[in-house]
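Let me begin by presenting the structure, written as structure tokens, before commenting on it.
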Amino acid sequence: MDTFTFILEIIGTIAFASSGAMIAIEKKMDIFGVNILGATTAVGGGMMRDIILGVTPPAAFSKPVYVLFSVLTATLLFTIVYTNPSILDSGFKSKYYDTIMLLCDTLGLGIFTVVGIQAAANVMNKDNAFFFVFVGVLTGVGGGVVRDIMAGETPYILVREIYACASIAGGAACVICRNSVGEAAGAIIGLIVTVVIRLLASYFHWNLWRIR
Amino acid sequence: MDTFTFILEIIGTIAFASSGAMIAIEKKMDIFGVNILGATTAVGGGMMRDIILGVTPPAAFSKPVYVLFSVLTATLLFTIVYTNPSILDSGFKSKYYDTIMLLCDTLGLGIFTVVGIQAAANVMNKDNAFFFVFVGVLTGVGGGVVRDIMAGETPYILVREIYACASIAGGAACVICRNSVGEAAGAIIGLIVTVVIRLLASYFHWNLWRIR
Amino acid sequence: MDTFTFILEIIGTIAFASSGAMIAIEKKMDIFGVNILGATTAVGGGMMRDIILGVTPPAAFSKPVYVLFSVLTATLLFTIVYTNPSILDSGFKSKYYDTIMLLCDTLGLGIFTVVGIQAAANVMNKDNAFFFVFVGVLTGVGGGVVRDIMAGETPYILVREIYACASIAGGAACVICRNSVGEAAGAIIGLIVTVVIRLLASYFHWNLWRIR
């Protein structure tokens, strides 16, 4: 289970580091700003989770691997755009930027939601569905909230259709299934539910009630 | 005492959830954004307090009741405005919105200040007036600061006349009185002092020194 | 060593409180807003550090001295500008404001970086260079990030040339040297490295790679 969780975490770290780095590149920050925003996004949710759970120092601090992967990801993205600056004005960007950003952010959201639930279950033995889902959602959305606040944007979670909603549904699916089908299968189910709901919502422009 | 504190907390949760939800409604967020901003405002200060005090996981996570009341409050407010959208443009709003917002925010500020002091006293036995007041003020202002930062506003605490000031005065009154008149009476006194100072300041437009 | 660290902390507190207070004065906040932003900047990084390290309640809460020095500093600055409001429009300001702000912020950055490393070493016995430097950098940049987010600015750390960079270099120098030359000398070396790199970068307008 630990290896499985670790692999998920690294994929989630790369996905969130990409989303943070891309926003920083968009805003014309320098290579350091790009790395900082990438790392903050990637480890922000997990740090909040560990602090909430009383796990100090948080894993992001005690194990360099998460920051390392963030830095590699952000530096690679920066290098690609730096050596091909025309990419920012090209049709490529207008066509694919939003899609790639959505995929990275959604993958990170789904992965960190189920990883957060696993971490909560490791700390608290007795079953508490509300607690598990809440910690999962915080882990999933935390990095993006920090990214958006630091970048001066309104947090995704407040304005994107079906964002926290997808994380809550995936987290609930994970908590419900993990007792019957096992932790790993439950995590996969929760991840798929989160990602599918968010992508469907984005594709079909599902909207929640909103006041006009 | 615990029941008394709990009742205060629920009233404060409803008041702060209302203030967060109303700002989100103002900003035309969808029903989920309204719920998220309401819940963040309602539990934000208490979460910070518990983390500062080393109480992990924070009460907002281990007990669903606070988030539940936030969600009920925010959903009710959203439903009222959704079914009567004209309310946002009517004279009603221009006349009463600011007043209701002020009352909710002030009530939450006062309640969470004294509740924070109670929580600090539960954790640390020896009397430390500075520590108690500081934790109380953080609990009182924390939710509003998170709300304003997430909504992209300058935090109330930095720009509203007599805001943290009222919380500090109420917190000090509570700490001074609770030894002589008892915890519950001390809490009521601290609450009244905070609310009265803030409302008087707002009504009479008291201003602190400001550079022109 | 404790006395030495304490003296550094007080100087850093005054420097960061000044930088927070000056931004608040610039934004025409009242005396309370100036004090709040000053105190938040001064104790923000240390609070984050203590929470990360699991030291609860954080020193800023249990010992009033840091907040006291913040309040004295912010009130003094406010009084100077309040009694000489022309200072804000004069040539003095346009000439010296940025320089004083840079010096205060740089001094605070350097001091809190090495103080953070000392605090991390007190908590964790085994040598972990990554962990020490990370905690140091978080302590160094934390107060400024909170200040900028509360004031509605893009955090310095994301946009100023060679900011976190200077803190990382100074932190690494401190961690490398403290084993051979002792903790105090290591702290001084780390502080000097941070300050010199940041000031040189500012003076010569060093820029990191940035996408045009």
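The values are calculated or read from the model by the stated rules, or taken from the named source; none is laboratory data. Because the structure is a prediction, the values reported are computed rather than measured. Methodologically, a virtual Cβ is constructed for each residue, glycine included, from the backbone with ideal geometry; neighbour enumeration extends over all protein chains shown.
Structure data summary
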| read-out | value |
| --- | --- |
| The range B:114-127, subset of a type in the set (S, T, N, Q) and assigned to a helix (DSSP H, G or I), residue farthest from the other protein chains (Cβ to nearest Cβ) | B:Gln118 |
| Qualifying positions in the range C:48-60 - without any contact (Cβ under 8 Å) to a residue 12 or more places away in the chain and farther than 17 Å from C:Gly140 by Cα | C:Thr56, C:Pro57 |
| Residue satisfying all of: in the range B:152-172; within 8 Å of another protein chain (Cβ to nearest Cβ) and not in a loop (DSSP other than H, G, I, E, B); surrounded by the fewest Cβ atoms within 10 Å (Cβ to Cβ) among these | B:Val159 |
| Test: residue in the range C:35-42 that is crowded, with 23+ Cβ neighbours inside 10 Å and at the interface with another protein chain (Cβ under 8 Å from one of its Cβ atoms) | yes |
| Residue in the range B:76-86 that is farthest from B:Glu9 (Cα to Cα), counting only those that are more than 7 Å from chain A (Cβ to nearest Cβ) and hydroxyl-bearing (Ser, Thr, Tyr) | B:Ser86 |
| So B:Leu199, is it part of a helix (DSSP H, G or I), more than 24 Å from B:Met29 (Cβ to Cβ) and either of a type in the set (S, T, N, Q) or modelled with pLDDT under 95 (or both) | yes |
| Search result, residues across the range B:128-139 that are more than 16 Å from B:Pro58 (Cα to Cα) and either assigned to a helix (DSSP H, G or I) or among the aromatic types (Phe, Trp, Tyr) (or both) | B:Ala129, B:Phe130, B:Phe131, B:Phe132, B:Val133, B:Phe134, B:Val137 |
| Set A:Gly38, A:Gly45: member being assigned to a helix (DSSP H, G or I) and touching a residue at least 60 places away in the same chain (Cβ under 8 Å) | A:Gly45 |
| Filter pass, C:Asp105 being over 19 Å from C:Thr5 (Cβ atoms), more than 14 Å from chain A (Cβ to nearest Cβ) and free of Cβ contacts under 8 Å to residues at least 40 places away in the same chain | no |
| When residues of the range A:51-65 are limited to those that are at the interface with another protein chain (Cβ under 9 Å from one of its Cβ atoms) and in a helix (DSSP H, G or I), the one surrounded by the fewest Cβ atoms within 10 Å (Cβ to Cβ) | A:Ser62 |
| Counted residues, the range B:2-18 - those being hydroxyl-bearing (Ser, Thr, Tyr), surrounded by fewer than 24 Cβ atoms within 10 Å (Cβ to Cβ) and either within 12 Å of chain A (Cβ to nearest Cβ) or in contact with a helix residue (DSSP H, G or I) (Cβ under 8 Å, 6 or more places away or on another chain) (or both) | 1 |
| Selection within the range C:70-102 - free of Cβ contacts under 8 Å to residues at least 12 places away in the same chain, under 20 Å from the mean Cα position of the chain (by Cα) and farther than 19 Å from C:Ala60 by Cα | C:Leu76, C:Tyr96, C:Asp98, C:Thr99 |
| B:Thr73 surrounded by 23 or more Cβ atoms within 10 Å (Cβ to Cβ), away from every other protein chain (no Cβ under 14 Å) and of a type in the set (Val, Ile, Thr) | yes |
| Of residues in the range A:63-77 being of a type outside the set (A, V, I, L, M, F, W, C) and in contact with a helix residue (DSSP H, G or I) (Cβ under 6 Å, 6 or more places away or on another chain), the one nearest to A:Ala119 (Cα to Cα) | A:Tyr66 |
| Some residue of the range C:177-193 being part of a helix (DSSP H, G or I) and within 14 Å of chain A (Cβ to nearest Cβ) | no |
| Residue check, B:Ala21 more than 8 Å from every other protein chain (Cβ to nearest Cβ) and either touching a Ser or Thr at 6+ places or on another chain (Cβ under 6 Å) or on the phi > 0 side of the Ramachandran plot (or both) | no |
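Yes/no matrix, rows are residues, columns are (1) among the acidic types (Asp, Glu); (2) within 13 Å of chain A (Cβ to nearest Cβ); (3) under 23 Å from C:Ile52 (Cα atoms); (4) buried (at least 16 other Cβ atoms within 10 Å of the Cβ):
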{"residue": "C:Leu88", "(1), (2), (3), (4)": "no, no, no, yes"}
{"residue": "C:Thr99", "(1), (2), (3), (4)": "no, no, no, no"}
{"residue": "C:Phe112", "(1), (2), (3), (4)": "no, no, yes, yes"}
{"residue": "C:Ala129", "(1), (2), (3), (4)": "no, yes, yes, no"}
{"residue": "C:Phe134", "(1), (2), (3), (4)": "no, yes, yes, yes"}
{"residue": "C:Met150", "(1), (2), (3), (4)": "no, yes, yes, yes"}
{"residue": "C:Cys174", "(1), (2), (3), (4)": "no, no, yes, yes"}
{"residue": "C:Ile197", "(1), (2), (3), (4)": "no, yes, no, yes"}
